[in-house]
Structure formats: C-alpha cells, structure tokens
Amino acid sequence: MKYIALLGSTGSIGRQALEVTDWFPEEFSLIALAAHSNVDLLAQQVKKYQPQVAVIYDEDRYLDLKEQLPFFKGEILTGMEGLIAAATLAQADLVLTAVSGVIGLQPTLQAIAAGKDIALANKETLVAGGSLVMPLAKENGVKILPVDSEHSAVFQCLEAGERIEKILLTASGGPFRTYPREEMKFITPAMALKHPTWQMGPKITVDSATMMNKGLEVIEARWLFDIPFEDITVVVHPQSVIHSMVQYQDGSILGHLGKTDMKIPIQYALTYPRRWRNDLERLDFGKLKEITFAEPDLNKFPCLKLAYEAGQAGGTYPAVLNGANEVLVQKFLHGEIGFMDIPRRIEGILKKHEMIQKPTLDDLLTSDRWAREMLEEVQ
Ligand code: NDP
Ligand code: MG
C-alpha cells in the first residue's frame, strides 16, 4: 500500500489523480486531501476516502466544511499550517502537489525535508524555488517525479548514465498559434480558456494561451534534469502526439508518444518505476492524419522569451516572473487587463527588480510578494 497526501484534490489534476487511484484501490490510500475553498467537492472526497487530514486553506470555509462532515474522524486544518501538516504526515510515502501557484513551494520543501517522495504537478514551485527544491531533494534522497506531461515524457526517455545533448519540449502552441499578431490585444478570457488539446484549470489554460506555460516548463526542465537553458528547445507541435523528446550525443532522439490524457503521466508518477495496466484509450496511428512542427513565434508570444531570459538570469528573477504572472493572469481573467498586457507588465516588473543571486526561501517569498505589489506601480 502506498500512502498519498494530495494537495489540490479538487482541481483538474487532483480529480484526475483520484480517478487513477480509484483504479487501484488495493495499492493506494489517500491519507490527506487539501483544497483552497471548494468545500462541497472536498467534503464529498473526504467522505469517500476518509483521510487522516482534510485541509481547507481558506479559514472562512472551515465551519462550512466541518458542518458537512459530522461523522469525520480525522482532523480538519486550514491555511499554510494545514498544507504543511498534510505534506509531512508521518504515514505519507508520497506527496502529490497539484495546487496551482507558488503557494505549493513551502509545503513541498517541508515534505522533502520530511523524506517524502514528491509527485510534482505544481510547476510554479520549481520555477520560483528550483534552486532550493532540487538540492534539498538530493540531500534527503527524495525522488521528484514529474507529473507535467512534457517532463514526464522526458523522464521516461532518460537513459541511465547517458549525457543529454538537448531536451526538445513540445508545445501545442495554444489557441492563438495562427491568430494575427495585431488582433491579439483583443483576446478575451472566454477565448483564452478554450484550449485545443488539453482540459486544464483556468490559470494554466491562460498560461498556455500566452505560452508562458511553456516558458515555465523550460525553467522546470532546467531544474528537474539539471540542463542548461541553451540545451532546452521548444518545438511547436499542434497535435500534441509527441509529449517531448530527448536528444543524445550520437544524434539519437527518443520521444514519448500517446493520447493527450494527463492520467497517463499522473499514473506513471504514482507507480514509478513500474508501469501498470489501465484501460485508457490508445493512440491510433491509422487515424492520425499528420503531425507537424514549427518554431515558436517569440514576437507573438513574448512570455516565452521573458521566461527564458528570467531563467537564464537566475536568482530571484524566475520567482518575480512567476509572481507577476500569477497576478496578471487573475487580472486578465477578471477582465481588468488585456491579453498582451500580461507580457508587457511582466517585462516592466523584471526591469525594476534587483536580483538576489543565491536566494534563501525568505528571499524568494519576499521577491514573489514584491512582484505582486509592484504591479500597482508598473501599469
Ligand atoms: P486547478 O485550478 O484546476 O486546481 C487547483 C487546485 O489547487 C484546486 O484543488 C484548488 O482548490 C487547489 N488550491 C489552490 N490554492 C490552494 C491553496 N492555497 N491551498 C490548498 N489548495 C489550493 O489547477 P490544475 O489542476 O489545472 O493545475 C494544478 C497544477 O498542476 C498547476 O501548477 C498546473 O500548472 C499544473 N499542471 C496542470 C495540468 C493540467 O492538465 N491541469 C498539466 C500540467 C501541469 P479549490 O478547488 O478549492 O480552489
Ligand atoms: Mg505541460
């Protein structure tokens, strides 16, 4: 039996992860479930899985959750303390971090310090805090198992002992791949929320539309696979059949192919190093008409360029890029700013930032907060 703490159980990844664990009830036990404010769904999940701990981050929803769970024998916790308690439960073998945003950083660090393996969906954690997360994982002999499909693909293509020459991260290009540059400023939230190949939470869906998602993934790959930025290439591949590739020193390229279904990488992170049977639909090559490739258009998608630059500059820059992006995506979703204001204002913030080269956790959190506050000044 593998005991799992799931942070972000009510989200897109969280719900799919529960579907996967439902396929193997003898193998997995959910011992902690955490959400931000979706009390109704969390209460249903708690009734079904009877975890030791249920966390509702938003304190104002605590009583509401308690009322819905009169017979629950476990603990109900709130806030960052609650997330950390869930991530460090004595019995947990694996923590699946599927919250959205840099809020996942501290619980992930604490889980690693407590010796838990991590199945990581929450890319913002590595973007902002990779310089702390990866060394701490090494020190504690903890595995960081990627859930993000591209990184799971790369992970599955790794050959023990072989030097990687290049990582080829594939990108669908999002819904605006062929959209005219001059009309991009008129893109509305409803338009950005329609992703051509993946069904995901709202924040990552907007990130996919701006291609910031791919930028965050480049930084995520840099940390997961300890590879310099110049050896990570983004390849636009609209059909999302190849989920990413690894190029070796003899020019051989290994790729990971399959249906676009997050349950595949989620399952692999939960069952690693084994592959278990599932009944998901298989890729049918007879039905594949064509698969195509292109270079990303950095003029149309400046977020990708900004992420490379922030990643390369290092230190606290990626945390600032991420913090500013998180706020701007919410502002865009609320109709307060335009689509192209996202990269424009991130660039403005990055220009003002005084970087710390070797940040502590405090430095990272301070830089994240600084970026969010500075947005009021950088219009
Ligand atoms: P969703 O918005 O669908 O879900 C986010 C989840 O996190 C919800 O359960 C939400 O709770 C919870 N949450 C948010 N803030 C907190 C908090 N402070 N405390 C506790 N729980 C919190 O996001 P996704 O599932 O789409 O994405 C999750 C992560 O996985 C992101 O980092 C994303 O980039 C990454 N990812 C997602 C993919 C996908 O296909 N969806 C693919 C690859 C990576 P509530 O419901 O109560 O708000
Ligand atoms: Mg991805």
Next item on the list: Give me a count of the residues in region 111-122 that are assigned to a helix (DSSP H, G or I) and open to solvent by 10 Å² or more (accessible area, probe 1.4 Å).
Entry: 1
Note to self: Restricting to region 207-225, give me the number of residues that are touching a Ser or Thr at 6+ places or on another chain (Cβ under 8 Å) and among the hydrophobic types (A, V, I, L, M, F, W, C).
What the structure shows: 1
Check: Residue check: is Ala160 surrounded by fewer than 18 Cβ atoms within 10 Å (Cβ to Cβ), among the small types (Gly, Ala, Ser) and assigned to a helix (DSSP H, G or I)?
Finding: no
Check: Has region 229-241 got at least one residue that is in contact with a Leu (Cβ under 8 Å, 6 or more places away or on another chain), within 14 Å of ligand 2 (Cβ to nearest atom) and of a type in the set (Ser, Thr, Tyr)?
Finding: no
Checklist line | Subset tally (residues that are more than 8 Å from ligand 1 (Cβ to nearest atom) and open to solvent by less than 10 Å² (accessible area, probe 1.4 Å)) for region 1-17 | finding: 4
Note to self: With open to solvent by 60 Å² or more (accessible area, probe 1.4 Å), farther than 30 Å from Met374 by Cα and under 19 Å from the mean Cα position of the chain (by Cα) as the only criterion, which of Tyr272, Tyr268 stands out?
What the structure shows: Tyr272
Notebook entry, point to check: Within region 144-151, is there a residue that is open to solvent by 40 Å² or more (accessible area, probe 1.4 Å) and more than 10 Å from Leu224 (Cβ to Cβ)?
Noted result: no
Next item on the list: For region 151-209, enumerate the residues that are free of Cβ contacts under 8 Å to residues at least 40 places away in the same chain and under 26 Å from Gln249 (Cα atoms).
Entry: Ala160, Gly161
Checklist line | Only one of Pro296, Pro318 that is farther than 19 Å from Pro202 by Cβ, surrounded by 21 or more Cβ atoms within 10 Å (Cβ to Cβ) and at pLDDT 95 or above | finding: Pro318
Margin query: Given (1) surrounded by fewer than 24 Cβ atoms within 10 Å (Cβ to Cβ); (2) more than 16 Å from ligand 2 (Cβ to nearest atom); (3) not hydrophobic (A, V, I, L, M, F, W, C), identify the lone condition not met by Thr108.
Written below: (1)
Checklist line | Unmet requirement for Gln91, which otherwise passes all of (1) outside any loop (DSSP other than H, G, I, E, B); (2) of a type outside the set (Asp, Glu); (3) surrounded by fewer than 24 Cβ atoms within 10 Å (Cβ to Cβ) | finding: (1)
Next item on the list: Say whether the condition of being surrounded by fewer than 16 Cβ atoms within 10 Å (Cβ to Cβ), assigned to a strand (DSSP E or B) and on the phi < 0 side of the Ramachandran plot is met by at least one residue in region 73-86.
Entry: yes
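The values are calculated or read from the model by the stated rules, or taken from the named source; none is laboratory data. Note that the structure is a prediction, hence the values are computed from the model and not measured. FYI the Cβ positions are ideal-geometry reconstructions off the backbone, even for glycines, and counts take in every protein chain you see. Keep in mind that these areas ignore ligands, DNA and RNA; they rest on the heavy atoms of the full protein, side chains included. Shrake-Rupley method; radii C 1.70, N 1.55, O 1.52, S 1.80 Å.
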